[in-house]
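See structure below.
A short reminder: the numbers here are calculations on the coordinates, not readings from a lab. Source: prediction; values computed, not measured. A quick note on method: Cβ atoms are made from the backbone with ideal geometry, for glycine too, and the neighbour counts reach across all protein chains shown.
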Amino acid sequence: MTACTLTQARLKELLSYDPKTGIFTRLVRTSNYCRDDGVFGSPAKNGYLYGSLDGRKYLCHRLAWFYMTGWWPAKVDHRDTIRAHNWFENLRDTTTAINSQNRRNPSKCTRTGFLGVFEVGGRFKAKIGLNRKSIYLGTFGTPEAAYDAYLAAKRELHPGNTL
């Protein structure tokens, strides 16, 4: 989502934001579709909270960043990876590359159930991505040992990692 005509002053005129809880509250009722409890933002299927202001839909975590800093970041990441947790300490301005390093769960098609671990001929290979390249970490007898190697490399090589 790119920057738009919404100003920080207009945002603060319409909403109040609690940086400790991440909750926006409406100060002004702008339509009949507003929630009765005054809370701004509704969850979508993807887990993010969205809300509409002045005829435009916004991601609440981006609004929180703009509310607190006065500028629109290129990317806002949730440190704990939970998309509805919009308290300010949980948000960080980042790049897409750093954001992707914050991944915690393996893809649904993995057979090992571990991030960065692949079964090859009855053994378990660990690898990690860095700068669009794959780094081989070794082959191990158990998926747990391969995952331990992956975690050690992730903590060293991925500054965006929160594992």
Length gained if T5 through K127 is fully extended, taking 0.36 nm per residue and subtracting the Cα-Cα distance, is 39.5 nm
Between the Cα axis of helix 143-157 and the main Cα principal axis of the chain, the angle (0 to 90°, nearest 10) is 60
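Pairs of Cα atoms under 8 Å, at least six residues apart: use those to get the relative contact order of the chain, whole percent. Walk me through the numbers on the way to the answer.
Numbers: 252 pairs, mean separation 23.7, N = 163.
Normalised by residue count, the contact order of the chain is 15 percent.
In percent, how large is the relative contact order of segment 8-94, given Cα pairs closer than 8 Å and 6 or more residues apart? Can you show the working numbers first?
Details: 134 pairs, mean separation 23.4, N = 87.
This gives 27 percent for segment 8-94.
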Taking Cα atoms only, helix 60-69 is inclined relative to the longest principal axis of the chain by an angle, in degrees rounded to 10, of 70
So R155 and N105, fully extended at 0.36 nm per residue minus their Cα-Cα distance, gain in nm 16.5 nm
Helix-only [θ] at 222 nm, the chain, -39500 (n - 2.57) per DSSP H run of 4+, per residue, nearest 500, equals -6500 deg cm²/dmol
In Å, the C-alpha Rg and Dmax of the chain are 20.1, 63
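For the chain, the longest stretch holding no trypsin sites (Lys or Arg not before Pro) located in a DSSP loop with at most 15 other Cβ atoms within 10 Å is which? Mind dumping the intermediate values first?
Working: sites that count: K20, R29, R35, K45, K75, R79, R104, K108, R111, R132.
After excluding every exposed loop site, the longest remaining stretch is 133-163.
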Each label sits 7 Å from Cα toward the beta-carbon; between I135 and K75 the label points are separated, in nm, by 1.8
For the L27, I98 Cβ pair and Förster radius 22 Å, calculated FRET efficiency rounded to 0.05 is 0.05
The longest stretch of the chain containing none of the chymotrypsin sites (Phe, Trp or Tyr not before Pro) that sit in a DSSP loop with at most 10 other Cβ atoms within 10 Å is 72-163
